[in-house]
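Q: Here it is, the structure in full.
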Amino acid sequence: MANRKLILSEQEIAALKQASDRTSEPAELKRLQAVRLYGTGHLVSEIAEIVDTSPTRIYRWATWYRQGGRAELQSKYEGNQNAAKLGGDQKVDLRERLHQYRPDQVLPPETRISQGQFWTVSDLKIAVKQWYGVTYQSTSSYHRLFKACAFSVQRTAGQYRSQPSQEEIADFEEQIEKK
C-alpha cells in the first residue's frame, strides 16, 4: 500500500458506501465500489475481478476521485440526447418541406453551407434548427432524418480517374471552336 496514491479516511469510505447504496446507475455503482475498495487497500487484481473491469480503469477512477472527489464518479449520462427530438407531425412537415424546396429557396446564402441545389447534412442541420428549434448532437441523427424523409445520403467522391483533366477539356473545346 506504500505506492498507493489514494488512501481513504473513514468518512470518505462511509460517504462512498452511502453513495453506492443510493445510486441506481450500474456504471456509477461500479466506479464507487472500485474506488472504495482501492482506497481501503484491496489488491487491484481482486477489485478488477469483483467489479468486472480492467486495472487501468480502476487507476483512472481513483485518479478522478483524487482530483474531483465523489462528483467525478457520478454518472454523466443524461439520457439519449438525440431521441425523439422531432415529433411525428414535425417529421411529416420536414419531409414535405425537403421535397418541396431546395436549400437555396429557404436558407439565406450567408447561413447555408452548400451551393443550395441539393440538401446536405449541414443544410439540414441549419433548417431543422431554424424551423423547429432542434439541434441533434450526432451527424448520424441527421442521416436518419434524411432516411425518414425518403432521401438517400450521398457521399461526395473524388474526381473520377476517367474524367479528362482541365487541360484536356480546354484542348477539346478549342478544337470544337475551330470547326
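Q: Inside the range 35-112, counting only helices (runs of 4 or more DSSP H) that do not spill past its ends, which hold 1 or more residues that are surrounded by fewer than 17 Cβ atoms within 10 Å (Cβ to Cβ), touching a Pro at 6+ places or on another chain (Cβ under 9 Å) and modelled with pLDDT of 85 or more?
A: By residue number, 44-51.
Q: Tell me which of these Q130 doesn't satisfy, since it passes every other one: (1) over 30 Å from K5 (Cα atoms); (2) of a type in the set (S, T, N, Q); (3) in contact (Cβ under 8 Å) with a residue 12 or more places away in the chain; (4) not in a helix (DSSP H, G or I).
A: (4)
Q: Let me ask something else about it. Just to be sure, is A127 over 30 Å from A14 (Cα atoms), of a type in the set (A, V, I, L, M, F, W, C) and surrounded by 14 or more Cβ atoms within 10 Å (Cβ to Cβ)?
A: Details: over 30 Å from A14 (Cα atoms): yes; of a type in the set (A, V, I, L, M, F, W, C): yes; surrounded by 14 or more Cβ atoms within 10 Å (Cβ to Cβ): yes.
Yes; evaluated as a whole, the condition is true for this residue.
Q: Kindly establish whether N3 is closer than 30 Å to K125 by Cα, modelled with pLDDT under 90 and open to solvent by 60 Å² or more (accessible area, probe 1.4 Å).
A: In short, no.
Q: Cβ-Cβ distance below 6 Å, separation of 6 or more or different chains: which pairs start in the range 91-116 with a residue that is in contact (Cβ under 8 Å) with a residue 24 or more places away in the chain and end on one that is assigned to a helix (DSSP H, G or I) and not charged (D, E, K, R)?
A: If the second residue must be assigned to a helix (DSSP H, G or I) and not charged (D, E, K, R), the pairs left are K91/A148.
The values are calculated or read from the model by the stated rules, or taken from the named source; none is laboratory data. Just so it is clear, the structure is predicted and the values come from calculations on it, not from any experiment. Cβ sites come from the backbone with ideal geometry, for glycine too, and all protein chains shown count toward neighbours. Protein only, heavy atoms only, side chains kept; ligands, DNA and RNA dropped before computing areas. Shrake-Rupley method; radii C 1.70, N 1.55, O 1.52, S 1.80 Å.
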